[in-house]
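The values are calculated or read from the model by the stated rules, or taken from the named source; none is laboratory data. Worth saying up front: this structure is predicted, and the values here are computed from it rather than measured. With ideal geometry, Cβ positions are generated from the backbone for all residues, glycine too; neighbour counts draw on all protein chains shown. Quick note on the areas: whole protein, heavy atoms, side chains included, nothing else; ligands and nucleic acids left out. Shrake-Rupley method; radii C 1.70, N 1.55, O 1.52, S 1.80 Å.
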Amino acid sequence: MRILTADHLVTMNAALDVIVGGAVAIDGDAIAAVGTIDEVVAAHPGAARDDLGPVVLMPGLINAHHHSGMLRGTAEHLPVWEWLRLHIDPMHRVLRPEEAEAAAWLCYAEGILSGTTTVVDMWRYLDGAARAAETLGNRLVTVNYTGAHPDYDYFDTLDDNERMLRDWSGAANGRIVPWVGLEHPFYADDAGRERAIAMARHYDTGLYTHLSESEIELAEFDERYGARPIQALEKLGWFDAPRAFFAHAVWLDQSEIEVLAGRAVGISHNPVSNMKLASGMAPVAEFLAAGIPVGLGTDGEKENNNLDMFEELKTASLLGKLRTMDAAAMDSWEVLTMATVGGAKALGQELRLGSLEVGKQADLIAVRSDTPRMTPLIGEGPYANVHHNLVHAVQGSDVSLTMVAGAVVARDGVLVNADLAELIARVRSLVPGLFARRSAYLASVGDPDGLFPA
Ligand SMILES: [Zn+2]
């Protein structure tokens, strides 16, 4: 048993309690007590005590949509579908397992250092990603970047996905949770889609895909199925999966929201990516009003271009306000909920993750409060601002401690289980080869747009 104490505790429990002078007792991988320092210390007098001092302790952040990668800053200024055709798909054709693994190590490290304790990673060659999470210490939902269609035979396959489900379910004391992934519903033919749904049922796990990220998908769904995307997927049996998860969902209308309401679904809102790729503004307030669980995601290093969930919190708030022209929209508590308990609910893990409550996993972060960005800090009363500071002022670099399942995985900007400089060096050494092979591939198919140097 050990006790962490802090100036402020943001619990994210149902009452959104903030405790000034708070403590958390941790027994193994779980939270054993939450309260004032006096209460928790009195209840556990023999416990080792770690006084974190001027910090806000809060639940670890859940990054509900993420792709590992190493294309940061090299695929700019294009809308989604051109961006996929010119940069991303050619990368997938030449990507090697050791490159995918190196990218995962570095991306998870970036997340851990900026307060992410759970990451949902749609990526390739996921054995390497699972190894990275197993060692680094973060929680990982693996989502294979799967193509199950003859036109998309350069992604992971459903066989790869099934191997992840078989080999990694429950690994690292339950920190690694494999799901079934499809890059997009269009990336599967009928047989592929049916197998993906059946696999999710067989392994009792979620089915994860991108959906309605860009407006042009609406016309394509209409042409193929004569329906809006969600209605089309309903007809195709998509919701037979134990949980259906949609990244983006920017272009859902009210009729689609009504189909999703009350079902075991989750949505990831990814405002930075949606703004950067000019995809649109998701109707998040309408999702929340319908009771649909919504998490928050950074999307990948190439569409963000960092994996800082605090930046995502701020952007979610600002975009929500701009979309409705209502400065009260997307309240700070609402946004913090998305990044914690909301994300946990969207993943069906709300009984284990998302808040500082007795019995839940000890996934928590400390955010420095002795900084200009956190000043003034008022925990209670009419001017209470801790939630607003966390959403609008704090940056990921203010995170001074990250704990997952009761184990400290980063402290004072240093990873506990890996050498960050080595992870960076490894990615740097692999990038020229990946880019050269991609250029060679594009040259071999004629590079019809003439966009890539040889
Ligand atoms: Zn994505």
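Observations on the structure shown:
- Prolate/oblate/rounded call for the stretch 1-43, Cα gyration tensor, a/c under 1.5 rounded: oblate
- Cross-link partners of Lys321 among lysines, defined as those whose alpha carbon lies under 19 angstrom from its own and excluding same-chain residues fewer than eight positions apart: Lys276.
- Ranked by the mean number of other Cβ atoms within 10 Å per residue, highest first, peptides 292-302, 56-66 order as 56-66, 292-302.
- Estimated distance in nm for a label pair at His392 and Ala43, the labels positioned 7 Å out from Cα along Cα-to-Cβ: 3.4 nm
- Angle in degrees between helix 126-136 and the longest Cα principal axis of the chain, rounded to the nearest 10: 20 degrees
- For Arg96, solvent-accessible area (1.4 Å; no DNA, RNA or ligand), Å²: 110 Å²
- Solvent-free Debye scattering, log10 I(q)/I(0), computed from the Cα coordinates of the chain at q = 0.08, 0.10 Å⁻¹: -0.44, -0.69
- Axis angle, to the nearest 10 degrees, between helix 190-202 and the longest C-alpha principal axis of the chain: 30 degrees.
- Phe435 - accessible surface, heavy atoms, 1.4 Å probe, Å² rounded to 10: 50 Å²
- FRET efficiency, 1/(1 + (r/R0)^6) with R0 41 Å, evaluated for Arg2 and Ile378 via beta carbons: 0.90
- Tilt relative to the chain, helix 97-113 - C-alpha long axis, 0 to 90 degrees, to 10: 30 degrees
- The heavy atoms of Asp7 offer some 70 square angstrom of accessible surface to a 1.4 angstrom probe.
- Spatially proximal lysines relative to Lys235 (Cα-Cα < 29 Å; intrachain offsets below 8 disregarded): Lys345
- Shown is the FRET efficiency for Ala219 and Glu82, computed with R0 = 22 Å from the Cβ-Cβ distance and rounded to the nearest 0.05: 0.85.
- Estimated [θ] at 222 nm from DSSP helical runs (n ≥ 4, -39500 (n - 2.57)) normalised by residues in the chain, nearest 500: -10500 deg cm²/dmol
- Antiparallel bridge percentage (DSSP; both residues within the chain; nearest 5): 45 percent
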